[in-house]
Every structure is written in C-alpha cells, then in structure tokens.
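Notes for the one structure printed next.
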Amino acid sequence: QGQLVQSGGGMVQAGDSLRVSCAASGRASSGRAIGWFRQVPGKDREFVAAISGRGDETHYIDSVKGRFTVSRDFAKNTVYLQMNNLKPEDTATYYCAADTNAVISIRPLRYEYWGQGTQVTVSS
C-alpha cells in the first residue's frame with residue numbers, strides 16, 4: 001500500500017506565496033513521478049505541475065510557469081509545490097498524486113495514489 005499526506009496551503013492575498021507539501025510512504029514513494037492537480041467545484045481536476053521519479057524533469061501548465069516550482073526531497077520522501085505571486089484564479093483544492101512510474105504524465109488516470117487535498121484560497 002501507499003499513502004500521500006499533504007500539508008500547507010491556506011488563505012492568502014494576491015501576490016503572496018504558499019508552499020504545499022506531499023509526504024509519500026510505502027509504495028507511493030518508490031521512485032514515482034509526483035504530480036500536482038487542482039480542482040474547483042463544478043470543474044474537472046486540472047493538471048498543474050509534476051516532477052519525475054528521479055527529480056531531473058519538471059513540467060508545468062502555462063498559467064503557473066515562472067510562479068510555481070515543484071521539487072522533491074528524497075531523504076524525506078516529500079515533494080513540494082512552492083507557489084509564488086499567487087492570483088485569485090489559483091484558488092482551488094490542490095492534490096498531489098503518485099504516478100504508476102517515474103515518467104511525468106498530465107493525465108489524472110495515470111496516477112495511482114492521491115493525497116487528501118489542501119485548500120488554497122487567494123483573495124484579491
């Protein structure tokens with residue numbers, strides 16, 4: 001079995017920064033790519049960013065490039081999503097997920113384990 005436990009997030013003003021963490025354990029931590037998704041009520045879950053199983057590749061959607069950074073600490077089995085210059089349209093519940101292998105995918109169906117979700121709210 002595998003597990004992803006998220007922490008961080010919260011409520012901030014536009015232009016502020018937040019960091020969300022995703023601690024992996026068990027099978028979820030075994031060199032898998034980790035993705036970050038977000039979802040707002042009434043809409044599909046949206047891919048945001050991901051990091052490869054070896055940590056040598058990252059991928060972002062255009063709307064967060066230059067503002068968000070995904071990184072991983074192998075010693076702590078933790079992946080981070082650093083979010084800078086936040087905008088109201090970034091408001092969503094953010095989820096981390098562990099892929100079935102080490103290669104990045106933007107497709108939610110590729111991801112096997114999911115974190116519990118963390119609310120990020122950005123006010124204008």
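The values are calculated or read from the model by the stated rules, or taken from the named source; none is laboratory data. This structure is a prediction, so every number in the text was calculated from the model and none was measured. Glycine gets a Cβ as well: all are built from the backbone with ideal geometry, and neighbour counts include every protein chain shown. Surface accessibility is based on the protein's heavy atoms, side chains included, excluding ligands, DNA and RNA. Shrake-Rupley method; radii C 1.70, N 1.55, O 1.52, S 1.80 Å.
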Going by amide H atoms built from the backbone, whose H comes under 5 Å of the H on TYR113, apart from near neighbours?
ALA98
Whichever lysines have a C-alpha closer than 20 Å to that of LYS65, once near sequence neighbours (fewer than 8 apart) are set aside
LYS87
Among the aspartates and glutamates, which have Cα under 16 Å from the Cα of LYS43 when same-chain residues fewer than 8 positions away are ignored?
GLU89, ASP90
Treat each spin label as a single point 7 Å out from the Cα along the C-beta direction, and report the SER17 to ALA102 distance in nm.
3.0 nm
Take every DSSP beta bridge with both residues inside the chain and express the antiparallel ones as a percent of the total, to the nearest 5.
90 percent
Rounded to a whole number, what % of the accessible area of the chain do carbon and sulfur atoms account for, probe 1.4 Å?
48 percent
Can you give the Kirkwood hydrodynamic radius of segment 29-124 from its Cα pairs, in Å with one decimal?
13.4 Å
